[in-house]
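These notes are about the structure you will find just below.
The values are calculated or read from the model by the stated rules, or taken from the named source; none is laboratory data. What you see is a predicted model; the values in this text were computed from it and never measured. As a convention, Cβ positions derive from the backbone with ideal geometry for all residues, glycine included, and neighbour counts pool all protein chains shown. Note: areas computed on protein heavy atoms with side chains; ligands, DNA, RNA excluded. Shrake-Rupley method; radii C 1.70, N 1.55, O 1.52, S 1.80 Å.
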Amino acid sequence: MKDLSHYRRSYEKNELTDHDLPESPLELFSSWFQEIEEQAGDIEANAMTVATIGMDGFPKSRVVLLKQLRDQGFVFFTNYNSDKGKSISQNQNVCLSFFWPTLERQVIIKGIADKTSEEISDDYFKSRPEGSQLSAIVSNQSQVVGSRSELEQRLSHMAADLADGEIQRPKHWGGYIVKPLEIEFWQGRADRLHDRIVYKIVEERWQRFRLEP
């Protein structure tokens with residue numbers, strides 16, 4: 001057994017007071033994201049956890065990268081045939097979470113995941129490095145593979161086949177936009193008396209509440 005009860009720190013870097021709160025949670029998210037971009041150094045500020053309900057009924061979380069923040073919600077890209085893609089096809093309810101320890105902050109987002117338009121997926125796919133484009137084509141994401149060399153050989157063959165042509169986005173790969181229904185902002189405070197502000201859609205408008213820590 002390993003006892004971790006001595007892992008302890010006091011959160012005292014920031015606070016989240018009522019006068020800091022805009023009407024729109026996306027405005028507050030953008031403000032927080034800009035702050036972490038300026039301070040994160042080599043940390044990927046856009047790394048977020050996506051939680052889905054798996055085909056086996058269990059929740060599953062994994063880290064992906066936020067690639068676009070639109071008025072409608074949060075956009076990431078993946079293989080539609082992956083575990084997460086199959087889970088979303090059966091249950092569109094997902095949860096996103098960001099943890100930014102540099103500023104002692106979390107953001108937790110409940111929402112509905114829909115595929116983005118093909119235009120959005122095409123535009124982003126074209127912006128990716130060639131190696132990443134090829135990997136999206138050759139990888140049967142979440143499927144069992146015999147060895148690493150098998151993947152590398154497949155990638156090498158694909159690169160040779162497409163050496164003289166434009167690489168097209170495969171139809172099984174593209175974007176999801178998570179349209180938020182609830183967004184919670186968590187700011188660490190001293191003595192574990194943290195600030196928790198949650199925005200919820202109530203009668204088609206954002207309503208704001210403070211939660212006890």
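Rounded to the nearest 10 degrees, what's the angle between the helix 118-127 long axis and the longest principal axis of the chain, both from Cα atoms, 0 to 90?
80
Take residue 145 and residue 127, extend 7 Å from each Cα along the Cα→Cβ direction, and tell me the distance between the two endpoints in nm.
Calculated label separation equals 2.6 nm.
Could you work out the mean projected area of the convex hull around the alpha carbons of the range 1-158, in square nanometres to one decimal?
13.8
Using 15 Å as the cut-off for backbone N distance, which residues of the range 90-113 belong to the label zone defined by a point 7 Å from the Cα of residue 206 along Cα→Cβ?
Answer for this model: 107-111.
State the Cα centre-to-centre distance between the range 1-31 and the range 102-165 in whole Å.
About 32 Å separates the Cα centre of the range 1-31 from the one of the range 102-165.
Under 14 Å from the 7 Å Cα→Cβ point of residue 38, by amide nitrogen: which residues of the range 94-120?
103
If packing is taken as the average number of other Cβ atoms within 10 Å across a peptide's residues, how do 126-139, 66-79 rank, most packed first?
Ranked by mean Cβ neighbours within 10 Å, highest first: 66-79, 126-139.
Pairing the Cα long axis of helix 148-161 with the longest principal axis of the chain, what angle in degrees results, from 0 to 90 and rounded to the nearest 10?
The two axes meet at around 60 degrees.
Go through the range 161-213 and name the trypsin sites (Lys or Arg not before Pro) that are in a DSSP coil and have 16 or fewer other Cβ atoms within 10 Å of their Cβ.
171
With every protein chain in place, what's the accessible area of residue 6 (1.4 Å probe, Å², nearest 10)?
120
Give the Debye-formula value of log10 I(q)/I(0) at each listed q (0.23, 0.24, 0.25 Å⁻¹), with one equal scatterer per alpha carbon of the range 1-47, two decimals each.
-0.95, -0.98, -1.00
Between residue 160 and residue 182, 0.36 nm times their residue separation minus their Cα-Cα distance comes to what?
3.3 nm
Given the DSSP H assignment, sum -39500 (n - 2.57) over each helix run of at least 4 residues in the chain and divide by its residue total; what's the result at 222 nm in deg cm²/dmol, nearest 500?
Result for the chain: -8000 deg cm²/dmol, rounded to the nearest 500.
Filter 126/200; 2/200; 13/115; 2/110; 67/110; 171/200 down to the pairs with a C-alpha to C-alpha distance above 29 Å, please.
Distance filter (> 29 Å) returns 126/200; 2/200; 13/115; 2/110; 171/200.
Sketch the reach of a paramagnetic label on residue 18 as a point 7 Å from Cα along Cα-to-Cβ, and name the residues of the range 162-200 whose backbone nitrogen lies under 15 Å away.
In the range 162-200, the label zone of residue 18 (backbone N under 15 Å from the point 7 Å along Cα→Cβ) covers 196-198.
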